[in-house]
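Every number here is computed from the coordinates shown, using simple stated rules; none is lab data. What you see is a predicted model; the values in this text were computed from it and never measured. Neighbour counts are summed over all protein chains in view; Cβ atoms, including those assigned to glycine, are modelled from backbone coordinates with ideal geometry.
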Amino acid sequence: MSLQLLDKLAEGGGLSHAEYVELLQARSPALAEELFARARHVRDRIYGPQVFLRGLVELSSYCRNDCYYCGLRRSNHNTERYRLTPEQILASCEVGYRLGFRTFVLQGGEDEYFTDERVVALVRSVKASCPGSAVTLSLGEKSYESYRRLREAGAERYLLRHETADPEHYRKLHPESLTLEKRLRCLHDLRSLGYQTGAGFIVGSPGQTLDCLAKDLAFLADFKPEMIGIGPFMPHHDTPFAQAPAGDLDLTLFLLGVIRLLLPTVLLPATTALGSIHPRGRELGVLAGANVIMPNLSPPDVRSKYSIYDNKLSSGAEAAEGLEDLRRRLAEVNCRIAPGRGDHPNFVQQDETQ
Ligand code: SAH
């Protein structure tokens, strides 16, 4: 019965809400193995047994928002905040460029210091110093006009997880000023501006049910993001969810496999949260169909301050300097690092220097 659901997933077009719930309820080690084998097959057919690297620069831990799950929320007064200078950001990208990175992800809290003018200048300088590279932004919710300016400055991709596709669940995770409607409007704006757009959600966030996850999958099947970031919920001790249990590793892996079958060409990271919850989390993610890894390129002295949850990895194979370790770990799961900037196949590369 559940094998039929895998067949149906692979045919394209998605499942009904009831079928997603049924598939998640039917999850067992045997079904997961079958799903992962199929997911790897699909990934390898499209991309080969390879992962693309993205160098992550966490440019600011200041945030005007107050998401209940995140350690960077503005009500957390126990955290030491930092903000990188443009020179530090550029230097981090240049270090990555020398290591072979061709995509840089500039991520941060919603820090009002980083005005459009400042981010435009940053994007331009990264593009100029690192020829042939793609710039991905992940700086939260902005107006259409702001997204337009950043796109015009050269940013090609934007990551903005929808967090949960269930409006009531969204309200349990965020204060009233933040709504799912607004988040989705941002995603549609990004798409219409020609960004390769990333959505995604936290697995096991407080109050999440299989019903919520089925809605997440239906939303993804419909929106078809070029990139999807999912990772287990990890509690942070200075948030209202300090006592909530962490998300489930096996459920996260299962969802990665489902997403690979649902959207064969999606760029799907084995996220830092996955690497943080289990020592081989990243490799298990790759075995479940992931094809992106985002090592940390931030200056080492600020990494521990970008504390969105407790026990977040930022060293070893998670760090840009740990590429050899990462290579070895990937080889153990018959995978290698892909060269180049790793655009989604629907996007024709405009930059001819690559
Ligand atoms: N301010 C940006 C970047 C947020 S950090 C934005 O709003 O998009 C990137 C992602 O980390 C978030 O989208 C969220 O899904 C995830 N995250 C935050 N807190 C988390 C936690 N406690 N456990 C797991 N993931 C978390």
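Only one residue of Gly14, Ala270, Tyr47 has its Cα farthest out toward the positive end of the dipole of the chain, where Lys and Arg carry +1 and Asp and Glu -1 on Cβ, and that residue is Tyr47. Under a model in which nothing but the beta-carbon of Lys, Arg (+1) and Asp, Glu (-1) is charged, the chain shows a dipole of about 520 debye around its Cα centre. Counted without the sites themselves, the longest stretch of the chain free of GluC sites (Glu not before Pro) in a DSSP loop having at most 15 other beta carbon atoms within 10 Å is 177-351.
Which whole-number percent gives the relative contact order of the stretch 254-354, counting Cα pairs below 8 Å spaced six or more residues apart?
Values: 95 pairs, mean separation 24.2, N = 101.
Averaging sequence separation for qualifying contacts and normalising by length gives 24 percent for the stretch 254-354.
Mean residue ellipticity at 222 nm, helices only, the chain: -12500 deg cm²/dmol; runs of at least 4 DSSP H residues each add -39,500 (n - 2.57), and the sum is divided by the number of residues.
Whole-Hz Karplus values for the stretch 174-187 come out as 9, x, 4, 5, 10, 10, 4, 4, 5, 4, 5, 4, 4, 4 Hz, taken residue by residue from phi with 6.51 cos²θ - 1.76 cosθ + 1.60 and θ = phi - 60°; glycine and proline positions read x.
Where Lys and Arg each count +1 and Asp and Glu each count -1, what net charge lies around Leu326 among other residues with Cβ under 9 Å from its Cβ? Mind showing how you got there, number by number?
Working: positive: Arg282, Arg327, Arg328, Arg329; negative: Glu318, Glu324, Asp325.
Neighbour charge sum, excluding Leu326 itself: +1.
Label-to-label distance, Ser315 versus Ala10, with points set 7 angstrom from Cα along the beta-carbon direction: 4.3 nm. Rounded, prolate or oblate: which one fits the stretch 212-348, using the alpha carbon gyration tensor with axes a ≥ b ≥ c (rounded when a/c is under 1.5, else prolate when a/b beats b/c, else oblate)? Oblate, since a/c reaches 1.5 and b/c is not below a/b.
Between Asp222 and Ala128, the modelled labels are 4.4 nm apart [label points 7 Å from Cα along Cα→Cβ]. Sort the stretch 32-110 into rounded, prolate or oblate with this rule: let a ≥ b ≥ c be the square roots of the eigenvalues of the Cα gyration tensor; rounded if a/c is under 1.5, and if a/c is not under 1.5, prolate when a/b is larger than b/c, oblate otherwise. Judged from the Cα gyration tensor, the stretch 32-110 comes out oblate (a/c at least 1.5, b/c at or above a/b).
Taking amide H as placed 1.01 Å from N in the peptide plane, the amide H of Ala319 sits under 5 Å from that of Asn296, each at least 5 places away or on another chain.
Amide H contacts of Asp310: His236, His237, each under 5 Å away and 5 or more positions distant or on a separate chain (H built 1.01 Å from N in the peptide plane; Pro and chain starts excluded).
Close amide-amide hydrogen proximity is noted between Val203 and Gly231, Phe233, each under 5 Å apart and 5 or more residues distant or on a separate chain (H modeled in the peptide plane; Pro and chain starts excluded). Karplus-derived 3J(HN,Hα) values for the stretch 156-166, using 6.51 cos²θ - 1.76 cosθ + 1.60 with θ = phi - 60°, are 9, 9, 9, 9, 8, 4, 6, 6, 6, 8, 9 Hz; glycine and proline are entered as x. Could you list log10 I(q)/I(0) for the stretch 2-352 at q = 0.11 Å⁻¹, which the Debye formula gives when each Cα is one point scatterer? Here log10 of I(q) over I(0) equals -0.68.
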